[in-house]
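**Q** So that we are looking at the same thing, I have put the structure below in structure tokens.
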Amino acid sequence: MDKQNSQMNASHPETNLPVGYPPQYPPTAFQVLTGFETNNKYEIKNSFGQRVYFAAEDTDCCTRNCCGPSRPFTLRIIDNMGQEVITLERPLRCSSCCCPCCLQEIEIQAPPGVPIGYVIQTWHPCLPKFTIQNEKREDVLKISGPCVVCSCCGDVDFEIKSLDEQCVVGKISKHWTGILREAFTDADNFGIQFPLDLDVKMKAVMIGACFLIDFMFFESTGSQEQKSGVW
């Protein structure tokens, strides 16, 4: 999954893309020059590097710049035909691990309006931990990250584990993209590995988990730098 920051336009006469489909423009210089946060957009690719979905954040300017990485958002995932197939809803929640209640979560809907799963932050004093739940809010899998979430010259892996956390079944990785891109842009690359026989709904929930992890630990807005831990 490749992330860029850009605005989403209504129509694109200069391209062959359908109306409502995000354009393939270079990262905008608006945020760099002014410090104002713009809507994030993402490309979602398969293992062959082929784009299968496009995702665009849908939040207003005030929310993005006042709430920063902790902001609530709606994120719409669109297929190559321009149809919205998955919707992610993140409510406003506490951003500190010192408070064990009202922690981060995200709801995954597919099709839009039909919840199929949730990613819930699990309280831990040192480690970033999450629980994957199905549409009935029953626990299915766990996610555990490193104590220090810092992508300095290497990938950062969040392991996907069984409920008892004894077996690693996959991982969500934030890939190191080079010192220049890491230092001067807000563009990130993520990879998701999970069992081939994993339920298709849970695969969609894993995509939601990847977005939540990105916003919690690797998003920087204006003067607010990305986080490096669970604090």
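Readers should treat all values here as calculations from the given coordinates under stated rules, not as data from a laboratory. Keep in mind it's a predicted model, so treat the numbers as computed, not measured. Positions of Cβ are backbone-derived with ideal geometry, glycine not excepted, and every protein chain shown enters the neighbour counts.
**Q** Let me check I've understood the local charge: for residue 112, count other residues with C-beta under 9 angstrom from its C-beta, Lys and Arg +1, Asp and Glu -1. What total comes out?
**A** 0
**Q** Based on the mean of other beta carbon atoms within 10 Å per residue, what is the order of 131-138, 85-92, most packed first?
**A** Going by the mean number of other Cβ atoms within 10 Å, highest first, we get 85-92, 131-138.
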